[in-house]
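Novice: Handing you this structure, nothing more for now.
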Amino acid sequence: MDLELLEEAGLKKIKSTRNEPFTYFLKAIMAGFYLGVASILSYSLGSVFATIDPMLGKVAFAVLFGLAFILVVFLNAELFTGNCLTTIIPVYTKKLKFVEILPNWIICYLGNFIGASFIGALFILSGSLSHQLPDFLSSVLVYKLDFDITQLIIRSILCNFIVCIASFVSYKVKSESAKVIILFIVIIAFVLPGFDHSIANMVTFAMGITAFPSTINYSMILLNLLFSTFGNILGGSILLALPLYLIHKPSLIKE
């Protein structure tokens, strides 16, 4: 059953957090690293193709960002946004209380932040693509930091709804090649429209702070991360997880 798959995964993550918090923290850092690697690829392609046409650069950026989630799935890392789906299921099934999953979320979020920010900063410090990258990065930062709060929350809800669908697929599909193909396609669905993934935004903001330290708007970065994280939680834990739970618990509807 689908619900049992997610519940088992969620319980396993909570157990790992309790029994081996440092190991789990390292897995979260590695997930941040993997998002950083995918961001390097996406920003490199995007900035190069943007010199030909801005829309071509946007498409190039989106198409290969799925690499991040493929690395997370296949290399057994821990990503906060996907955990919003799996760890909330045991709460719905009353195997855990909500307060019991919070340490997992906090450890995972902090680990993702460290890993993502570190790789993003290193990419800029490397000086790679110094002719093409600043203009492309600047255009992304303008989009990310000039936002309406309601729209940002909605974009973030939709983002993690899609990301958690990809996570759900990774538990359901057994074929590794099928997983790769589906993950690539599903992830394009949130990157291309410009939806906000809080952890991916950390890579972008670390790049921006490193590249433009004197002009970056730090308060807007904090607000973006606050509201995008909130929206990501809603998208994974409610918009997707709650209907999945209710579908597989028809007795609740009858009552």
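Novice: Given (1) within 24 Å of Leu45 (Cα to Cα); (2) assigned to a helix (DSSP H, G or I); (3) in contact (Cβ under 8 Å) with a residue 60 or more places away in the chain, identify the lone condition not met by Phe168.
Specialist: Condition (1) is where Phe168 drops out.
Novice: Against the definition (buried (at least 17 other Cβ atoms within 10 Å of the Cβ), at pLDDT 95 or above and under 22 Å from Ser44 (Cα atoms)), how does Phe184 come out, yes or no? Working first, answer last.
Specialist: On the way: buried (at least 17 other Cβ atoms within 10 Å of the Cβ): yes; at pLDDT 95 or above: no; under 22 Å from Ser44 (Cα atoms): yes.
When the stated conditions are applied, Phe184 does not pass them.
Novice: Moving on. Quick test of your reading of the structure: His248 fulfils all but one of (1) in contact with an Asp or Glu (Cβ under 7 Å, 6 or more places away or on another chain); (2) under 21 Å from Ala62 (Cα atoms). Name the failing condition by number.
Specialist: The single condition His248 does not satisfy is (2).
Novice: Answer with yes or no whether Ala31 is surrounded by 24 or more Cβ atoms within 10 Å (Cβ to Cβ), assigned to a helix (DSSP H, G or I), in contact (Cβ under 8 Å) with a residue 24 or more places away in the chain and not basic (Lys, Arg).
Specialist: On the way: surrounded by 24 or more Cβ atoms within 10 Å (Cβ to Cβ): yes; assigned to a helix (DSSP H, G or I): yes; in contact (Cβ under 8 Å) with a residue 24 or more places away in the chain: yes; not basic (Lys, Arg): yes.
Taking the combined requirement at face value, the residue satisfies it.
Novice: Among (1) under 19 Å from Phe230 (Cβ atoms); (2) in contact with a Ser or Thr (Cβ under 9 Å, 6 or more places away or on another chain), which single condition is Leu110 missing?
Specialist: The failed condition is (2).
Novice: Let me ask something additional. Test of understanding: among Tyr43, Tyr24, which residue is over 20 Å from Ala206 (Cα atoms), crowded, with 17+ Cβ neighbours inside 10 Å and within 19 Å of the chain's Cα centre (by Cα)? Please lay out each step first, then the result.
Specialist: Values: Tyr43 fails: over 20 Å from Ala206 (Cα atoms).
Of Tyr43, Tyr24, the one residue that is over 20 Å from Ala206 (Cα atoms), crowded, with 17+ Cβ neighbours inside 10 Å and within 19 Å of the chain's Cα centre (by Cα) is Tyr24.
Novice: Can you tell me which residue within the range 146-160, out of those that are of a type in the set (S, T, N, Q) and buried (at least 19 other Cβ atoms within 10 Å of the Cβ), is nearest to Ser219 (Cα to Cα)?
Specialist: Residues of the range 146-160 that are of a type in the set (S, T, N, Q), as a first pass: 150-151, 156, 160.
Add one more test, that the residue is buried (at least 19 other Cβ atoms within 10 Å of the Cβ), and what stays is 156, 160.
Details: Ser156: 19, Asn160: 23 Å.
The extreme case among them is Ser156.
Novice: Residues to consider are Val73, Val91; find the one that is at pLDDT below 95 and either surrounded by 16 or more Cβ atoms within 10 Å (Cβ to Cβ) or among the hydroxyl-bearing types (Ser, Thr, Tyr) (or both). Working first, answer last.
Specialist: On the way: Val91 fails: at pLDDT below 95.
After applying the criteria, what remains is Val73.
Novice: On the basis of being under 14 Å from the mean Cα position of the chain (by Cα) and within 23 Å of Glu78 (Cβ to Cβ), does Ala200 make the cut? Step through it out loud before you land on a result.
Specialist: Values: under 14 Å from the mean Cα position of the chain (by Cα): yes; within 23 Å of Glu78 (Cβ to Cβ): yes.
Yes; evaluated as a whole, the condition is true for this residue.
Novice: Another question, if that's okay. I need the full set of residues from the range 46-71 which are outside any helix (DSSP H, G or I) and within 11 Å of Phe136 (Cα to Cα), in order please. Steps first, answer last, please.
Specialist: We begin by selecting, within the range 46-71, every residue outside any helix (DSSP H, G or I); these are 51-53, 64-66.
Within the range 46-71, Thr51 is the sole residue that qualifies.
Novice: Please report, ordered by residue number, the helices (runs of 4 or more DSSP H) entirely within the range 213-255 with at least 2 residues that are modelled with pLDDT of 95 or more. Working first, answer last.
Specialist: Values: elements: 218-234, 241-247, 250-254.
Passing ranges, in order: 218-234, 241-247.
The values are calculated or read from the model by the stated rules, or taken from the named source; none is laboratory data. Computed from a predicted structure; not experimentally measured. Every residue, glycine as well, gets a Cβ built from its backbone with ideal geometry; the counts of neighbours run over all protein chains shown.
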